[in-house]
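Participant: Have a look at the structure that comes next, please.
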Protein chains: 2
Amino acid sequence: MGDTNWLNDDEMAAWQAFLMAGALLDRRIEEQLKADSGLSHLQYEVLVRLSAAPDDELRMSELAGAVITTKSGLTYQITQLEKAGLVRRRTCAADVRGVYAVLTDAGRARLERAAPGHVEVVRAHLIDVLSEDQVRALKDGLGEVVRRLGGG
Amino acid sequence: MGDTNWLNDDEMAAWQAFLMAGALLDRRIEEQLKADSGLSHLQYEVLVRLSAAPDDELRMSELAGAVITTKSGLTYQITQLEKAGLVRRRTCAADVRGVYAVLTDAGRARLERAAPGHVEVVRAHLIDVLSEDQVRALKDGLGEVVRRLGGG
DNA sequence: GGCAGGTGGTTCAAATTTGAATCACGTCTC
DNA sequence: GAGACGTGATTCAAATTTGAACCACCTGCC
């Protein structure tokens, strides 16, 4: 102990590539989404999760976990989306404290309008740049990383 | 055309894993760095780049490119680091508009103190979770992604 | 019933990030 | 050597993010 197990060259290169690819790609995505449909990436992800959920609704805390934000961050963004008419809040019958975020028709429409351009960016800059093996490595390897970090 | 080339299941899983792993890992890193040495991840990266540069200094714009931030974002953070005594500014002799950010001794000391814990987190939650092949896939695949996005 | 402790969301102030000006210079052309 | 134009960095206001209270409510336990 006391001696750090530093990263070797490959490991360092992998880590840096991971870090920079994430940052650069996110920047592109943010730019495209904002220009194309006026949504931030986070807002887009929120709409995606809701549209995939039963009855188009999720509890605030589940949603926060799914999109990896803080509770207060989600409260803010849901308020923004509500102002824009893309989402509405519904209080939970069983537990008065609980709040559901519900996708509205306008929200679904906005999502459907935004999705093609978004997927195109992800494909062009990430998926299509990788080999099939590399895609599988991301899915398996990073999938395990997510599982261990409690994000599954 | 008009028909979107959607992601298949594996591609979607890979993309989601990439996204969530980045977010979850960054959260851990941020937490560890803040607790352990009072630095944000961005500030840590700034110190790393400076310490690796000749004469421990880099132009503001180079630094902004290296850590993937906006110019104004970097201006803000360098000001913070300067207040903390970890970095200082030096105007460029050849071009009066240019500014170098220079690592101070205190900055280097802080970096050296922070590094072991940081590497440990990256290793524990990312590198050691992956197989050698998967590490290579990140390095090669995401390295290419970065190159094409103009981050190399 | 009534209270201790935990949970789900919100609120609030402070820190950070963003992007569009802006400022002060280099550079290039005629 | 005077503009026209591009660059490097900062400034500014607005938007977002963060984390620590906080509030209201559930749940167990006595």
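Participant: Among residues belonging to segment B:47-78 that are within 9 Å of DNA strand C (Cβ to nearest atom), closer than 24 Å to B:A114 by Cα and not in a loop (DSSP other than H, G, I, E, B), point out the one that is nearest to the other protein chains (Cβ to nearest Cβ).
Facilitator: Per the criteria, the residue is B:G73.
Participant: Considering only segment A:75-82, I want to know if a residue exists there that is within 16 Å of the chain's Cα centre (by Cα) and farther than 22 Å from B:E31 by Cβ.
Facilitator: Yes, that holds for at least one residue.
Participant: Please state which one of A:V121, A:V145 is closer than 23 Å to B:A23 by Cβ and in contact (Cβ under 8 Å) with a residue 12 or more places away in the chain. Quick ask: steps written out before the conclusion?
Facilitator: Numbers: A:V145 fails: in contact (Cβ under 8 Å) with a residue 12 or more places away in the chain.
Among A:V121, A:V145, only A:V121 is closer than 23 Å to B:A23 by Cβ and in contact (Cβ under 8 Å) with a residue 12 or more places away in the chain.
Participant: Turning to a different aspect of this structure: Quickly run through segment A:3-24 and pick out the residues that are at the interface with chain B (Cβ under 7 Å from one of its Cβ atoms) and either within 16 Å of the chain's Cα centre (by Cα) or surrounded by fewer than 16 Cβ atoms within 10 Å (Cβ to Cβ) (or both).
Facilitator: A:T4, A:N5, A:W6, A:D10, A:A21, A:G22, A:A23, A:L24
Participant: Which residue out of A:R88, A:R123 is of a type in the set (K, R), within 30 Å of B:V145 (Cβ to Cβ) and away from DNA strand D (no atom under 15 Å from the Cβ)? Even if it seems obvious, please write down each step before you answer.
Facilitator: Values: A:R88 fails: within 30 Å of B:V145 (Cβ to Cβ).
From the options A:R88, A:R123, the qualifying one is A:R123.
Participant: With B:S37, B:S61 as the choices, which residue is surrounded by 15 or more Cβ atoms within 10 Å (Cβ to Cβ) and among the polar types (S, T, N, Q)?
Facilitator: Details: B:S61 fails: surrounded by 15 or more Cβ atoms within 10 Å (Cβ to Cβ).
Result of the check over B:S37, B:S61: B:S37.
Participant: Please name all residue pairs, on different chains or six or more residues apart, with Cβ atoms under 7 Å, provided the first residue is in segment B:90-109 and is more than 14 Å from chain A (Cβ to nearest Cβ) and closer than 17 Å to B:E45 by Cβ and the second residue is open to solvent by 40 Å² or more (accessible area, probe 1.4 Å) and within 8 Å of DNA strand D (Cβ to nearest atom).
Facilitator: Final answer for the pair search is B:A101/B:R89.
Participant: Next question. Give the number of residues within segment A:44-56 that are open to solvent by less than 30 Å² (accessible area, probe 1.4 Å) and over 22 Å from A:V121 (Cα atoms).
Facilitator: Filtering segment A:44-56 down to residues open to solvent by less than 30 Å² (accessible area, probe 1.4 Å) leaves A:44-47, A:50, A:53.
Subsequent filtering for residues that are over 22 Å from A:V121 (Cα atoms) retains A:53.
Selection size over segment A:44-56: 1.
Participant: Output the number of the condition that A:G152 fails; it satisfies all remaining conditions of (1) exposed (fewer than 13 other Cβ atoms within 10 Å of the Cβ); (2) more than 16 Å from DNA strand C (Cβ to nearest atom); (3) more than 15 Å from B:Q16 (Cα to Cα).
Facilitator: Only one criterion in (1) exposed (fewer than 13 other Cβ atoms within 10 Å of the Cβ); (2) more than 16 Å from DNA strand C (Cβ to nearest atom); (3) more than 15 Å from B:Q16 (Cα to Cα) is unmet by A:G152, namely (3).
Participant: What number of residues within segment B:79-123 are open to solvent by 20 Å² or more (accessible area, probe 1.4 Å), part of a strand (DSSP E or B) and either out of contact with any Ser or Thr (no Cβ under 7 Å at 6 or more places or on another chain) or within 10 Å of DNA strand C (Cβ to nearest atom) (or both)?
Facilitator: Counting residues in segment B:79-123 that are open to solvent by 20 Å² or more (accessible area, probe 1.4 Å), part of a strand (DSSP E or B) and either out of contact with any Ser or Thr (no Cβ under 7 Å at 6 or more places or on another chain) or within 10 Å of DNA strand C (Cβ to nearest atom) (or both) gives 4.
Participant: So which residues in segment B:64-74 are under 14 Å from the mean Cα position of the chain (by Cα) and open to solvent by 50 Å² or more (accessible area, probe 1.4 Å)?
Facilitator: Result: B:T70, single match.
Participant: May I ask you to list the residues in segment B:121-137 that are at the interface with chain A (Cβ under 7 Å from one of its Cβ atoms) and under 16 Å from the mean Cα position of the chain (by Cα)?
Facilitator: B:V122, B:R123, B:L126
Participant: Follow-up question, since we're still on this one. Assuming A:D3 fulfils every condition listed in (1) at pLDDT 95 or above; (2) not in a helix (DSSP H, G or I) apart from one, which condition is it?
Facilitator: (1)
The values are calculated or read from the model by the stated rules, or taken from the named source; none is laboratory data. A quick note: this is a predicted structure, and the numbers were derived from the prediction, not measured. Note: ideal-geometry Cβ built from the backbone for every residue, glycine included; neighbour counts use all protein chains shown. What goes into the accessible areas is simple: the full protein's heavy atoms, side chains included, and nothing from ligands, DNA or RNA. Shrake-Rupley method; radii C 1.70, N 1.55, O 1.52, S 1.80 Å.
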